[in-house]
Amino acid sequence: MSSTKIDRRNFLKVLGLGGAGAALAGCDMPSYATLEEGEEQVFSYLAPEEYVIPGIGVWYASTCLQCPAGCGVHGRVREGRALKLEGNPNTAVNRGKLCQMGQAALQTHYNPDRIAKPRIGAKEVTWAQALAFIKAKSTGTPAWLTGAISGHQGVLMDAHLNASGGGKHYGVEIVNAQAWRSACADTIGDAQPDLHIDKARSMVSFGADVLGTWISPVKFMADYGEFRAAPRGVLTVIEPAMTLSGANADHWVAARPGSEAAVALGVANALATEYSVSTSALPTGVADAIFTMTPERVRELSGVDTRTLSRIAGTLMSNSPSLVIGDGSYENAVAAMALNLMLGNIGATITPGADLVPADLAMRDGSTKALANFAKNAQSGDIQAAFISGANPVFTAPDGLNMKDALAKIELKVAIAMFEDETTQFCDVVLPLASPLEDWGTHAPPLGAARGEIHVQQPLMEKLHPEALGLGDILLGLAQDAGAAGLDDFEDYYGYLRTAISAMIGTGQEAAWQDVLQAGKVQAPATQRSFTANGSLTINVPESKAPGKGELILITTARQGLYDGRHANLPWLQEAPDQISKAVWDSWAEIHPTTAARLGLKDGDYVTITSADGALTTRIFLYKGVHPDAIAVPMGQGHTHYGRYASSVGVNPLNLLGADTDARTGEVSNTTTVHVQATGDNRYLVRLMDIDRQYGRKLTATISADQQRRNQSNKQGGA
Amino acid sequence: MSPDRPKRRPFPWIRTVMAVGVVGASIVLGGQLLEQERRGGESPVTEAGPRVPNAQFPTDTFNGKDVPQPINYSHKLHAGDLGINCLYCHTYARRSKVAGIPPTSKCMGCHTVVATADEKPEIEKLAAMWESGQSPAWNKVNDVPDFVHFSHERHLQKFLFDNPDMNVKDSREVCAMCHGDMVEVTVAKKMRPLTMGFCNTCHENNNGPADCTRCHK
């Protein structure tokens, strides 16, 4: 063999050795590349507090503002940066727990789309210029449009409105419990009674998503944990489209949209006829309605059969005390309260709430009635200057309210916002708002007030955008400018708040103030309310008939996560799979498989959903947890101007709703009749859990519900 | 087999492969030589520096870059000539995962009295920053990647506080295990490679934990 000749054997030797050598040598090299010298900077502290140690977090108490529940939080701060939020264990509301929306408050705070500077039109200006512009332009009485607001921010807002000629406050929340509150006020004379899920042994919900979005979901979830502990409470949920609560229920019943009240009265009828429960605690008008609601009539209105009604009645009877809640419409809530009255839950699992002293610290609830009133008053020219903060009326207003036209009628529109959104596009002045982690405040949580608890919000870190101002500071400045009495001494909102809280706790000492900050709450005096019966109450069960041929009833559903759309710009919540469909970063329409088969639709088909007020195109998701007469589209998506993460993702079902309002509560209806038409497109909906079958692999062992019931009755029989 | 058929070369692409191989090998070897030099070819670090008497630790050295700093602070002067204990300034090292750079208030604690701004131009820079409420932007010299969880606190506990057998006299001996003898440099210079092999050698010699997740969290 010639030495110059490369044969196969030598070639492979060279290749093998060379390759191995290069690989080994190569492995060692990048380790130095990653060890940078002089590439990154490190800043030392100037004069830190003694307890500040780099690398070790310090926890501060504050309050979560991601939804109106106002949970107390502990925030971990390290090297001057807020890094993590958890629930504050000292509060009666959330007791150390925090939901995903609260956890994602960090992304609200660090969001790259935060507004950093004031602007007039498209032009960035200084604060002085913006305030001068507002002063020159605001002629008439101002109006405030906000979300639910409470505590001293509410007090200062009143001061501003009163000092500038008695304008109005419109508190707007699309996801609210107004129907429940009106019903409670009408039946027991207390709009916000305290609920004790933990003390109940059975709970029935008629259209209230108690574990997802209703009033104070984290509190309810904690209570629900105790409810489920031995002896295990039984949860029954009756609703048109499955919610997080429905998914947790032992017994889930699909009712035609708007017919939950009929089912509730049907259950009351079963209690009265089968179990001889007295209706003497009920107002005559309601008792009469129960006896007209025969099982046949219930089936006609809701599609729910007699056996189901008896089963719910039986569950309530054998698991006492019980708790019945209802929302979605005034009738649902009144019918639920009727059941509570019959079952003797008033005073047991429903106890009176309390009024804070002073009363103006209490939460000013948000409603859609206020949204409709705002649109109406703006249209008629009654509002000359509007201050908008914590609400996005252009996005959340049903199309029927013509919010854009209404805003155009207002001479001066000032948005105080963290983010550019659909509403700031229509505002003359936009002022940068500090994030909840940078701001001071007090908040009266809707269910903490029963114990006189006011949660204190304190900044966890320096402002990321130095020009942003807290809501309290802006309110104080505006109130001072308007000449409100007694506010001249305060340089900033911190000073105001400290004085106010010192007055509340009766001492101005530093140590007492530090105690308040450390606890994250202050105990305010509160007077217990008492229940009063209302004998003249009546209930009109709506005629919920099956929709006409080719029609479906659209339900706009709320989810813990994107909520009413305010959290659509938080990637964590977009990425967190939807609780029902497990879909991410998208919109869809839930539709029952039999309905889909009737309409000739497959999973993933794109459909155009048309109502009298608008149309949208999205794909369908076949799901048995929705009533066959309904089509459910979750709200939250479909933003057009809400930063890089939310814009152009999904569709906004609120665009399809009309301006129909409830006669008793004034709330705007969240359902409407729609036509569904396939577009011919079909695409895969990205979901975390793609299939609901195991194909015989027994990944999770299951038995049928019937089998489980038989096992249980055998056990009870044997014992 | 036809005799007319032209004879094929057995591996027509062998020249290309060899050329690529030669270039690749020279890059790899050149890189290695370069790193070898940085590792300690002409290292200023001597083996005679302070060391924990009975500990076995890797003797690898590294000739780091001269990293410019906003203030020309001298470890040689403070820790060497004046004999200030490392932990007097890097007080966080025994309480936290990071040793931390001392706060300006600590510097000014001495420098309002000794070697004041009037006397020294570098102190003048420091005093000006202190007055204007600015922190100096130091450039990191010793740094491990983000996927490595290193705790100063744990290592000081092991070698300095919880360690009667090794007869440690000065915290400098412990610090020098990973940082070299800092009294030989002015501001700071990387004098140990701080690679995984470097860490592992010491962990093996001194019964440190060997599970991956202890450092890679």
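The values are calculated or read from the model by the stated rules, or taken from the named source; none is laboratory data. Computed from a predicted structure; not experimentally measured. In this analysis, Cβ positions are derived from the backbone assuming ideal geometry, glycine residues included, and neighbour counts consider all displayed protein chains.
Can you say whether A:VAL414 is surrounded by fewer than 23 Cβ atoms within 10 Å (Cβ to Cβ) and over 24 Å from A:SER62 (Cβ atoms), as far as the supplied structure shows?
no
Hey, which of the helices (runs of 4 or more DSSP H) in the range A:257-340, taking only ones fully inside, have at least 1 residues that are charged (D, E, K, R) and touching a residue at least 40 places away in the same chain (Cβ under 8 Å)? Talk me through it step by step, then tell me what you get.
Values: elements: A:260-274, A:284-292, A:295-302, A:306-318.
Correct list: A:260-274, A:306-318.
Could you please tell me which pairs satisfy a Cβ distance under 6 Å, a separation of 6+ or placement on different chains, a first residue in the range B:53-73 that is in contact (Cβ under 8 Å) with a residue 24 or more places away in the chain and more than 11 Å from every other protein chain (Cβ to nearest Cβ), and a second residue that is surrounded by fewer than 13 Cβ atoms within 10 Å (Cβ to Cβ) and polar (S, T, N, Q)?
B:PRO53/B:ASN167; B:GLN56/B:ASN205
In the range A:480-498, what residues are closer than 17 Å to A:TRP440 by Cα and either of a type in the set (Val, Ile, Thr) or assigned to a helix (DSSP H, G or I) (or both)?
Correct list: A:TYR493, A:TYR494, A:GLY495, A:TYR496, A:LEU497, A:ARG498.
Out of A:LEU65, A:LEU15, which single residue is within 11 Å of chain B (Cβ to nearest Cβ) and either exposed (fewer than 14 other Cβ atoms within 10 Å of the Cβ) or at pLDDT 65 or above (or both)? Give the steps one after another, and end with the answer.
Numbers: A:LEU65 fails: within 11 Å of chain B (Cβ to nearest Cβ).
Of A:LEU65, A:LEU15, the one residue that is within 11 Å of chain B (Cβ to nearest Cβ) and either exposed (fewer than 14 other Cβ atoms within 10 Å of the Cβ) or at pLDDT 65 or above (or both) is A:LEU15.
Look at the range A:499-534 and say how many of its residues are more than 30 Å from the chain's Cα centre (by Cα) and in a helix (DSSP H, G or I).
Looking only at the range A:499-534, we keep the residues that are more than 30 Å from the chain's Cα centre (by Cα), and these are A:499, A:502-515, A:532-534.
Still in the running and in a helix (DSSP H, G or I): A:499, A:502-505, A:510-515.
Final tally of qualifying residues: 11.
Looking only at the range B:200-211, how many residues end up being touching a helix residue (DSSP H, G or I) at 6+ places or on another chain (Cβ under 9 Å) and within 14 Å of another protein chain (Cβ to nearest Cβ)?
0
Could you list, in sequence order, all residues of the range A:136-149 that are closer than 13 Å to A:PHE387 by Cβ and not small (Gly, Ala, Ser)?
Residues satisfying the conditions are A:LYS137, A:THR141, A:PRO142, A:TRP144, A:LEU145, A:THR146, A:ILE149.
Take the residues of the range A:449-496 that are touching an Asp or Glu at 6+ places or on another chain (Cβ under 7 Å) and polar (S, T, N, Q): which is farthest from A:CYS64 (Cα to Cα)?
A:GLN480
Check A:GLY565, A:GLY548 and return the single one that is more than 18 Å from the chain's Cα centre (by Cα), assigned to a loop (DSSP other than H, G, I, E, B) and under 30 Å from A:ASN652 (Cβ atoms). Before the answer, list the steps.
Values: A:GLY565 fails: more than 18 Å from the chain's Cα centre (by Cα).
Of A:GLY565, A:GLY548, the one residue that is more than 18 Å from the chain's Cα centre (by Cα), assigned to a loop (DSSP other than H, G, I, E, B) and under 30 Å from A:ASN652 (Cβ atoms) is A:GLY548.
If a residue has to be buried (at least 22 other Cβ atoms within 10 Å of the Cβ) and either charged (D, E, K, R) or outside any helix (DSSP H, G or I) (or both) to count, how many in the range A:640-650 make the cut?
Step one: of the range A:640-650, the residues buried (at least 22 other Cβ atoms within 10 Å of the Cβ) are A:642, A:646, A:650.
Going one step further and asking which of them are either charged (D, E, K, R) or outside any helix (DSSP H, G or I) (or both), we end up with A:642, A:650.
Adding up the residues that qualify gives 2.
Does the range A:661-684 contain any residue that is closer than 21 Å to A:GLY600 by Cα and in a loop (DSSP other than H, G, I, E, B)? Can you show your working first?
The initial filter retains those residues of the range A:661-684 that are closer than 21 Å to A:GLY600 by Cα, namely A:673-684.
Now restrict to residues that are in a loop (DSSP other than H, G, I, E, B): A:683-684.
Within the range A:661-684 (the criterion being closer than 21 Å to A:GLY600 by Cα and in a loop (DSSP other than H, G, I, E, B)), the answer is yes, since at least one residue qualifies.
Looking for whichever is modelled with pLDDT of 90 or more, at negative phi and within 14 Å of chain B (Cβ to nearest Cβ) here; the options are A:VAL73, A:VAL93, A:VAL58. Which one fits?
Numbers: A:VAL73 fails: within 14 Å of chain B (Cβ to nearest Cβ); A:VAL93 fails: within 14 Å of chain B (Cβ to nearest Cβ).
It is A:VAL58.
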